[in-house]
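The structure appears below as structure tokens.
The values are calculated or read from the model by the stated rules, or taken from the named source; none is laboratory data. These figures come from a predicted structure and were not determined experimentally. Here the Cβ positions follow ideal geometry from the backbone for every residue, glycine too, while neighbour counts run over all protein chains shown.
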Amino acid sequence: MYEDEKTQQNLYAFKPQLEKMSKTGVGLIVFLLIVIGFGMYALYVQIVDGHVVTGMRDNVVWGLYIVNFIFFIGISYAGALISGILHLLRVPWRTPIIRMAEMITVISTMIGPTYILLCIGRLDRLPNLVLFGRIQSPIIWDVIAITTYLSGSIIFLYLAMIRDLAILRDNPVKNAKWRNPIYRFLSVRYKDTTKQKELLNVATDLLSIVIIPLAILVHSVLAWIFGMTLRPGWHSTIFAPYFVIAAVYSGTGVLIVVMWVFRKIYHLESQITKIHFNYLGIIMIILGAMYGYFTFSEYLTSWYGSIKWDMEVLYRLFDPNEYWHLFVFAVFIGVLLPIIIVTVPKFRNINSIAFAAAIAVLALWVKRYLIIIPTLETPLLPLHDLRPEYVNYSATWVEWALTFAGIALFILLFYLFSKFIPIIPVVRTGEEKDYSRLRKIVFEKQMKRVIKQHKKSDIPAAGMVILLMILSTSGLMAQDQDKLQPLLKLEYFHIDSSNSLTATLRAKVDGKFLPIPDMEIDFTLLKGSVPTSMGKAVTNEKGRISFPISEEILSSGGDKGIYNFEATFAGKGNYNGASASTSMKPLKMEMSFFQKETEKMVNLKAFELGADNQWVPVEKLDVVFYVPRTFSLLKVGQSSIENGLTSMEFPVTVPGNPLGYLTLMAKVEENDIYGNVEVSGTINWGKPLPEEKTIKRGLGDTNAPLWMVYTLIVLLSLVWFHYMYVIFTVFRIRHLGKS
């Protein structure tokens with residue numbers, strides 16, 4: 001293969017790095033192997049003792065393993081997108097970093113899926129995924145998509161290495177000579193002839209075009225696994241683009257960190273210059289701004305919608321005792337700090353950009369953690385087992401050991417790969433420009449257009465704004481040390497044949513009434529001046545208690561037919577005591593239905609307890625009729641009882657169940673004499689609902705629409721067709737090398 005002067009200089013500079021390994025490199029390998037070995041021991045403990053050695057339980061079934069899976073798969077996409085886009089656009093400064101990006105893609109895609117295996121309790125059932133997997137399942141989609149993506153990434157990396165493999169074939173290494181036959185085999189007899197060069201360029205361009213949408217598709221499929229799950233914090237329409245932006249953002253940060261590390265290890269100051277850090281820093285802050293926008297949009301819509309399930313997750317994220325600190329680091333510091341460092345010239349240098357990239361990478365890992373754990377700790381149904389390890393997730397040493405083992409394996413494979421083939425391409429394709437001239441152009445013209453020069457006075461002003469925001473937040477979070485005066489409300493309810501008292505305990509904080517949970521309330525019956533204790537109960541998370549009234553209390557006759565109840569809160573902690581009272585007179589209602597031809601009438605009788613303990617008709621009383629719906633009560637009528645009797649014509653348009661049955665309720669609400677009284681009955685007067693149609697949901701349905709399956713098969717077939725064409729092109733290059 002022809003070697004120009006530039007290629008010979010690069011080979012002379014990089015070949016010693018392949019043939020020699022310093023004591024520091026050996027020590028690094030030994031240290032990484034120790035970390036990986038400890039991780040293997042942790043895996044052995046998990047296999048022998050089961051998942052009980054981890055923090056995962058029936059409630060929080062996913063933990064660090066899924067966080068690491070999403071993280072590694074995410075950073076792999078940045079390598080594919082950056083290398084693919086820079087190659088297609090023929091960006092002149094891409095050459096020193098493009099191989100690092102491709103290596104990040106391949107290595108992280110190999111490590112990420114292994115964490116899925118760690119979540120499987122029965123690894124012996126893994127073959128069932130292939131033997132009995134359903135094409136309708138998002139899990140199968142993810143397996144197929146990642147496998148396809150990994151295959152394309154390996155081919156793409158190999159195509160980019162063929163020229164360097166040919167150079168190493170023609171210039172054999174002196175140490176570890178076992179590598180020379182591998183170089184000869186992998187170089188496919190490439191001699192840089194005109195036809196071979198044309199075929200290689202076409203194959204590389206074609207695979208660059210395929211790999212970019214494939215990377216977006218793969219992470220979208222991963223996001224759909226969450227987005228198509230009816231869980232708070234996951235069920236969102238923007239999860240797919242949100243995941244893609246976050247993945248490319250974190251992957252760009254990893255690429256910057258890798259550049260900084262190898263620049264230090266191999267002394268690549270003349271190859272990887274400040275211009276690469278500046279350009280990638282600009283890309284990183286653009287992605288960071290987009291990621292911040294998606295994050296704001298996601299939480300804004302959830303908060304503004306005020307759906308109970310979503311709000312429970314948000315309360316956890318904003319609770320200083322739970323996830324507030326992690327949330328601030330992942331959402332604010334991980335976005336704002338890189339933007340400040342890259343955009344302010346005073347802060348912008350190689351080390352600071354690498355530091356900002358490391359913060360962004362760590363913040364994105366924490367964000368993945370916040371996506372998984374708080375949602376799983378907020379089930380839709382109440383937990384029966386309230387042990388702390390079942391309610392709250394806490395990672396164990398086994399999970400952390402395997403997490404660090406994955407990171408160590410990533411570093412080890414990267415380092416060993418750099419000892420097998422130059423970390424920066426040796427053969428240049430002639431598209432590069434002189435970097436000293438390019439740096440001058442960039443700093444004098446382009447950088448001034450992209451990054452505005454900040455005045456020195458702007459920095460203190462920005463600091464004052466941030467300081468004021470922190471102080472205001474701290475002031476809002478600070479609790480008032482003075483005792484609060486709670487508000488206690490007591491109501492009487494008679495529903496069909498049951499009688500109860502409902503007490504609500506609240507306190508006004510910052511202009512809002514908030515419930516006071518876990519407080520003891522004492523209920524008493526007042527008969528004359530003699531109080532009789534009925535019992536005590538504790539408020540729930542909504543500050544409410546539903547206290548049943550026994551038949552013994554009702555049979556006492558009350559005080560001249562009127563029952564006086566009192567609820568007392570003695571006070572506790574920062575809350576003063578409070579009391580409330582209510583009185584009621586027993587009321588009995590009877591509902592009946594009458595139909596004559598097309599006329600449908602509801603009759604209601606109401607009786608109160610007279611002075612001689614006999615039931616007598618109520619003289620006048622307002623009553624409201626409701627039909628229970630899924631989330632509320634539908635008001636269907638209102639009437640006034642006179643002389644113990646009233647009637648209402650039932651509306652014929654109210655829908656019932658498929659057979660027309662519905663429940664009708666008659667309610668006396670917050671009456672000063674009778675309290676809250678309710679009676680109900682069931683009748684088939686509703687409008688029958690139409691027969692429910694079976695909707696094919698697609699991904700999770702056993703009978704998915706065929707068009708979805710066909711679409712997946714066609715798309716993957718097109719991708720693999722291009723793979724086969726590229727492989728065929730490689731064989732053509734090898735065949736041309738014979739001559």
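Which one of these does Lys15 not meet: (1) of a type in the set (D, E, K, R); (2) surrounded by fewer than 16 Cβ atoms within 10 Å (Cβ to Cβ); (3) assigned to a helix (DSSP H, G or I)?
Exception for Lys15: condition (2).
I'd like to check something: does the stretch 542-552 contain any residue that is out of contact with any Pro (no Cβ under 7 Å at 6 or more places or on another chain), of a type outside the set (D, E, K, R), surrounded by 15 or more Cβ atoms within 10 Å (Cβ to Cβ) and under 20 Å from Gln485 (Cβ atoms)?
Yes, the conditions are met somewhere in the stretch 542-552.
Condition test on Gly84, is it in the same structural domain as Leu150 (by TED's automatic domain parsing), assigned to a helix (DSSP H, G or I) and not hydroxyl-bearing (Ser, Thr, Tyr)?
Taking the combined requirement at face value, the residue satisfies it.
Which of the residues that make up the stretch 525-541 are surrounded by 18 or more Cβ atoms within 10 Å (Cβ to Cβ) and either modelled with pLDDT of 90 or more or under 35 Å from the mean Cα position of the chain (by Cα) (or both)?
Answer for the stretch 525-541, where residues must be surrounded by 18 or more Cβ atoms within 10 Å (Cβ to Cβ) and either modelled with pLDDT of 90 or more or under 35 Å from the mean Cα position of the chain (by Cα) (or both): Ala537, Thr539.
Would you point out which residue out of Val130, Val61 is surrounded by fewer than 22 Cβ atoms within 10 Å (Cβ to Cβ) and within 18 Å of the chain's Cα centre (by Cα)?
The unique qualifying residue is Val61.
Quick one: Gly55 ticks every box in (1) in a helix (DSSP H, G or I); (2) of a type in the set (Gly, Ala, Ser); (3) more than 21 Å from Arg179 (Cβ to Cβ) except a single one, so which number is it?
Only one criterion in (1) in a helix (DSSP H, G or I); (2) of a type in the set (Gly, Ala, Ser); (3) more than 21 Å from Arg179 (Cβ to Cβ) is unmet by Gly55, namely (1).
Just checking, which of Val244, Val202, Val188 is part of a helix (DSSP H, G or I), farther than 30 Å from Thr378 by Cα and among the β-branched types (Val, Ile, Thr)?
Of the residues listed, the single one that is part of a helix (DSSP H, G or I), farther than 30 Å from Thr378 by Cα and among the β-branched types (Val, Ile, Thr) is Val202.
Could you tell me whether any residue of the stretch 283-295 is under 24 Å from Val391 (Cβ atoms) and of a type in the set (Gly, Ala, Ser)?
There is no residue in the stretch 283-295 that is under 24 Å from Val391 (Cβ atoms) and of a type in the set (Gly, Ala, Ser).
Quick check: is even one residue across the stretch 327-346 of a type in the set (A, V, I, L, M), surrounded by 15 or more Cβ atoms within 10 Å (Cβ to Cβ), over 27 Å from Pro241 (Cβ atoms) and touching a His at 6+ places or on another chain (Cβ under 7 Å)?
Yes; the residues of the stretch 327-346 include at least one that is of a type in the set (A, V, I, L, M), surrounded by 15 or more Cβ atoms within 10 Å (Cβ to Cβ), over 27 Å from Pro241 (Cβ atoms) and touching a His at 6+ places or on another chain (Cβ under 7 Å).
It is to be established whether one or more residues within the stretch 147-157 are in contact with an Asp or Glu (Cβ under 6 Å, 6 or more places away or on another chain) and within 18 Å of Pro422 (Cβ to Cβ).
Applying the first criterion (in contact with an Asp or Glu (Cβ under 6 Å, 6 or more places away or on another chain)) to the stretch 147-157 yields 157.
Checking the rest, the ones that are also within 18 Å of Pro422 (Cβ to Cβ) come to 157.
The answer is yes, given that some residue of the stretch 147-157 is in contact with an Asp or Glu (Cβ under 6 Å, 6 or more places away or on another chain) and within 18 Å of Pro422 (Cβ to Cβ).
Looking at Val530, Val538 in this structure, which one is under 25 Å from Asp672 (Cα atoms), free of Cβ contacts under 8 Å to residues at least 40 places away in the same chain and of a type outside the set (Gly, Ala, Ser)?
None of the other options fit; the residue is Val530.
Kindly evaluate Gly644 against the criterion of being on the phi > 0 side of the Ramachandran plot, in contact (Cβ under 8 Å) with a residue 24 or more places away in the chain and touching a Pro at 6+ places or on another chain (Cβ under 7 Å).
Working: on the phi > 0 side of the Ramachandran plot: yes; in contact (Cβ under 8 Å) with a residue 24 or more places away in the chain: yes; touching a Pro at 6+ places or on another chain (Cβ under 7 Å): yes.
Spelling it out, Gly644 is indeed on the phi > 0 side of the Ramachandran plot, in contact (Cβ under 8 Å) with a residue 24 or more places away in the chain and touching a Pro at 6+ places or on another chain (Cβ under 7 Å).
For residues that are hydrophobic (A, V, I, L, M, F, W, C) and assigned to a helix (DSSP H, G or I), scanning just the stretch 307-320, find the one that is surrounded by the most Cβ atoms within 10 Å (Cβ to Cβ).
We begin by selecting, within the stretch 307-320, every residue hydrophobic (A, V, I, L, M, F, W, C); these are 307, 309, 311, 313-314, 317-318.
Then keep just the ones that are assigned to a helix (DSSP H, G or I); that gives 309, 311, 313-314, 317.
Values: Trp309: 16, Met311: 15, Val313: 22, Leu314: 19, Leu317: 18.
Taking the candidates together, the pick is Val313.
Give me the helices (runs of 4 or more DSSP H) completely within the stretch 91-176, filtered to those with at least 1 residues that are of a type in the set (Val, Ile, Thr) and within 19 Å of Tyr415 (Cα to Cα), ordered by residue number.
Ranges flagged: 95-111, 138-170.
Select from the stretch 553-590 the residues that are surrounded by 18 or more Cβ atoms within 10 Å (Cβ to Cβ), in contact with a Ser or Thr (Cβ under 9 Å, 6 or more places away or on another chain) and under 30 Å from Val509 (Cα atoms) and list them in ascending order.
Phe565, Glu566, Ala567, Thr568, Phe569, Ala578, Ala580
Considering each of Tyr279, Tyr323, Tyr304, Tyr299 in turn, give the residue that is among the aromatic types (Phe, Trp, Tyr), more than 20 Å from Arg231 (Cβ to Cβ) and either assigned by TED's automatic domain parsing to the domain that holds Tyr249 or surrounded by 14 or more Cβ atoms within 10 Å (Cβ to Cβ) (or both).
That would be Tyr279, the only listed residue that is among the aromatic types (Phe, Trp, Tyr), more than 20 Å from Arg231 (Cβ to Cβ) and either assigned by TED's automatic domain parsing to the domain that holds Tyr249 or surrounded by 14 or more Cβ atoms within 10 Å (Cβ to Cβ) (or both).
Could you check the stretch 619-666 and list, in sequence order, the residues that are outside any strand (DSSP E or B) and surrounded by fewer than 13 Cβ atoms within 10 Å (Cβ to Cβ)?
Passing the criteria: Glu619, Arg629, Thr630, Phe631, Ser632, Asn643, Val652, Thr653, Asn657, Pro658, Leu659.
Taking the condition of being of a type outside the set (A, V, I, L, M, F, W, C) and assigned to a helix (DSSP H, G or I), how many residues in the stretch 254-291 meet it?
9
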